[in-house]
Amino acid sequence: LPSMLAVPAKPYEFSFPPLKTALLVIDMQRDFLLQGGFGHIQGGSLEAVQASIAPTTRLLSTFRQAGLAIFHTREGHKPDLSDCPSSKLNRQAAAPENVQHSKVIGDTGEMGRLLVRGEYGHDIVDELQPWPNEVVVDKPGKGAFWNTTLLDKLKAKAITHLIVSGVTTECCFATTIREANDRGFECCGVEEATAGYNGKFKGCSLEMIYWSQGLFGFVTSLEPLLECLA
Ligand code: TIU
């Protein structure tokens, strides 16, 4: 690969040095994507988020073929929930009439305890399982930088640019891009490889990233990105 690549993007072309660029795949966990998982119980549209799985398999396979750095994140908590922010635990508590929030973080669902590390539901879906040479970062928050090893691990590989995918666009994907931008990383989201739980949110979340000459970064499409890496 050449020392710099460029792909059409919004608000303008995204240039990146492939050897200093990582693919960051956010939270493609069973708990967010499958029936009976945390997202489903919270009222998310599974059809919408599942549409991001196939494009992500193509992204992963292209990055693997090119030999580029790949990072995966998983949202979840220690079994005693001691690393779960109290705001996150408190605000999900069910109002009596709110049947959607019938179960909360740490409760037992069909795939084990919800968002608890080591449980089946907490792990990444079969199609996108990390390879042994890829980095997996466990995160207790929405953003992947807060209270995690991600920054150190990116610096250890001299990464400066991030191609970002994953779920959900409005939540952990957007929060992580904002956190990364504040730390000096150049970020580019991949439209087809991210998805949200609410139809209204995805487009707005992506527009907010690239508004005003790239407030938080760039957004590109899958095909041109795969072509430029092939
Ligand atoms: N990964 C991620 O986005 N976690 C969430 O909690 N998403 C919601 O949309 N709630």
So what's the gap between the Cα centers of the stretch 133-185 and the stretch 20-37, to the nearest angstrom?
-> 12 Å
Scan of the chain for trypsin sites (Lys or Arg not before Pro) in DSSP loops with at most 16 other beta-carbon atoms within 10 Å gives a longest site-free stretch of 1-116
Can you pull the three principal axis extents for the Cα set of the stretch 23-127, in Å, largest first?
-> 51, 30, 22
How much of the DSSP beta bridge set in the chain is antiparallel, as a percent to the nearest 5?
-> 25 percent
Estimated FRET transfer efficiency (Ser61, Leu81; beta-carbon r; R0 30 Å; 0.05) = 0.25
Can you tell me the 0 to 90 degree angle between the C-alpha axis of helix 199-214 and the longest principal axis of the chain, rounded to 10?
-> 40 degrees
So the angle from the long Cα axis of helix 53-66 to the longest Cα principal axis of the chain, reported in degrees to the nearest 10, equals 40 degrees
Among beta bridges assigned by DSSP with both residues in the stretch 59-193, the antiparallel ones amount in percent, to the nearest 5, to 15 percent
Anything over 26 Å Cα to Cα? Flag those among Lys10/Lys142; Lys78/Lys153; Lys153/Lys200; Lys157/Lys202; Lys103/Lys142, in the order listed.
-> Lys153/Lys200; Lys157/Lys202
In Å and whole numbers, how far do the C-alpha atoms of the stretch 107-230 stretch along each principal axis, longest first?
-> 45, 38, 31
So for the chain, what percent of the C-alpha to C-alpha distances run longer than 22 Å?
-> 49 percent
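Taken together, the values in this text are just the output of simple stated rules run on the coordinates, not laboratory data. Just so you know, these numbers come straight off a predicted model, no measurement behind them. Please note: Cβ atoms are built from the backbone with ideal geometry, for glycine as well, and neighbour counts cover all protein chains shown.
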